[in-house]
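Please read the structure below before turning to the comments.
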Amino acid sequence: MKKKLLQVLPLAVAVLIVASCASRKQMIYLNDLRPDQVYQVKERPEITIQKDDKLSIKVSCKNPELALVFNYPGTGGYTVGENGSITSQGGTTDKDAGYIVDRDGNIEFPILGKLHVAGMTCRQVVDHIKETLSTRGLIKDPFVTCDIINFKVNFMGEIGKVGEIKVNGDRITLLEAIAQQGDMKEYSKLDSIAVIREVDGHRRIYYTSLLSKDIYDSPVYYLQQNDLIYIQPNKNKVREETRRNMTWFYTGTSLITTIISLITLITK
């Protein structure tokens, strides 16, 4: 018996080592990238404005008094330097000040009134406001900036930290967001990351893998505002939970059987 055990033991150890290596291999991100190959950087698509976005729009010109009425109430005036840089002239510093895009995709802009901005990029909003101010003779050579100030994405599932990420600006990649949330967990399914996104008033789900370089060509590599990222559990977690449940079941069954046996003995 002892001899047979010594024969089987090396084989069992080898199987455990192979299983361990396979498990670790699955945790290697982008494992098909080659160090001797150059990969082209994909251009980041511009973010389009959606309903419920909050926009910071600032107008300035060489005569700051003319621009005051075109800025969000309470934000003060703005002046432009020789290099075109915009600086604040006082007012509140409330970071939440901004224009909310309503359900119809519009904002109420001082003097210009209702502007339809949903579906536009910030660059297009800037060009539209500049052109309107110039053609209506309100400001000559205006300087305009536009930013989305409530850009956020959310994580669910097998991730280090579940919840919301508030993005400074309008650029964050899926890999950057995962890193901010504490990376993947032991039982994360790396080859099927789900990203739920609103597109033209409809929700759409995309899947991508962290194991392949193809993630760089994925439409969800660059995240958009209000994206929901769901990290699914892998089969190992399902098996582990099943094993744990079965352990509790057998433990509970054994305990109940023991109690019944004791009661039977006592009552005899």
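FYI, it's all coordinate maths here, none of it is from the lab. Since this is a predicted model, take the numbers as computed values, not measurements. Cβ: placed from backbone, ideal geometry, glycine included. Neighbour counts: every protein chain shown.
Using the Cβ-Cβ distance between residue 156 and residue 63 with R0 = 41 Å, the FRET efficiency computed as 1/(1 + (r/R0)^6) comes to roughly 0.20.
Using the Karplus relation 6.51 cos²θ - 1.76 cosθ + 1.60 with θ = phi - 60°, the per-residue 3J(HN,Hα) values for segment 63-69 come to 10, x, 4, 5, 8, 4, 6 Hz, with x marking Gly and Pro. Estimated from the Cβ-Cβ distance and a Förster radius of 51 angstrom, the FRET efficiency linking residue 136 and residue 39 is about 0.60.
Longer than 24 Å from Cα to Cα, which of 166/213; 51/130; 42/161; 114/166; 42/152 are they? Say none if no pair is.
Numbers: 166/213 26 Å; 51/130 22 Å; 42/161 28 Å; 114/166 28 Å; 42/152 22 Å.
Checking Cα-Cα distances, 166/213; 42/161; 114/166 exceed 24 Å.
Working from label points 7 Å from Cα in the Cα-to-Cβ sense, the residue 102 to residue 205 distance is 3.5 nm. Look at where the Cα atoms of segment 25-69 and of segment 145-191 average out, and the two centres are 15 Å apart.
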